[in-house]
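Take a look at the structure set out below.
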Amino acid sequence: DLTLELHKFLSSRLPGCEVSILGIDLDPVLIGRARQKNDRPESVSFECLDFFADERQSVLSSYLRKHQVERFDCSYCFSITMWIHLNHGDAGLERFFLDLSACSEELLARGDVQQHIQNILTDKCGFAVLEVTEENDWQRRLLLFRRIRH
């Protein structure tokens, strides 16, 4: 639902622009549900993918080639950073952001481990902080970063 709502939101704010979104999740049940609800298959795709698996690069590269771009304009990381940190540790979180930043112009992440994410993206990935939101009801912030070197 979040991915489809994001597409709707972006499309309404960017008239005349083609908005395409690739939604990724590790859970095949969630991906199946998302595909069933998808009323915009020409512009919203869903893939069941473990970002740490070998096939990640081919899935992402194929999507980018299909849309004739080198990088995603923005990658959104919701409800994933804490899971990665718990299951793959500091090294996994760093690898995730190094790999994701290589194929993204901007990154929006939920700040579960805010300072750690910020350090990785600014010190190792060539990104700058654009915005840090106020805490929401669950004491979480959103962090927006933009690539500063190519």
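Computed quantities for the displayed model
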{"read-out": "Burial ordering of Ile148, Ile31, fewest other beta-carbon atoms within 10 Å first", "value": "Ile148, Ile31"}
{"read-out": "Overall form of the chain per C-alpha gyration tensor (a/c, 1.5; a/b vs b/c)", "value": "rounded"}
{"read-out": "Additional length obtainable on full extension of the chain from Ala102 to Cys48, 0.36 nm per residue less Cα span", "value": "17.4 nm"}
{"read-out": "Under 5 Å, built H, 5+ apart or other chain: amide partners of Phe72", "value": "Ser104, Glu105"}
{"read-out": "Partners for Lys8 among lysines (Cα-Cα distance below 26 Å; same-chain residues under 8 apart left out)", "value": "Lys37, Lys66"}
{"read-out": "Region 81-150: C-alpha gyration tensor shape, a/c 1.5 cut-off, then a/b vs b/c", "value": "oblate"}
{"read-out": "Listed peptides 71-79, 99-107 by packing density, highest first (mean Cβ within 10 Å)", "value": "99-107, 71-79"}
{"read-out": "Estimated 222 nm signal from helices in the chain, with DSSP H stretches of n ≥ 4 weighted -39500 (n - 2.57), rounded to 500", "value": "-12500 deg cm²/dmol"}
{"read-out": "Distance-filtered residues of region 40-60 - backbone nitrogen under 15 Å, label point 7 angstrom along Ser11 Cα→Cβ", "value": "40-46"}
{"read-out": "Gyration tensor verdict on region 1-69 (Cα atoms; rounded if a/c is under 1.5, prolate if a/b is larger than b/c, oblate otherwise)", "value": "oblate"}
{"read-out": "Spatial separation of Cα centroids for region 92-135 and region 1-77, in angstrom", "value": "19 Å"}
{"read-out": "Amide H partners (placed H, <5 Å) of Phe46, local residues excluded", "value": "Gly23"}
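Values in this text are rule-based calculations from the coordinates and carry no lab data. This is a predicted model, so every value here is computed, not measured. Positions of Cβ are generated from backbone atoms using ideal geometry, with glycine treated the same way; all protein chains shown enter the neighbour counts.
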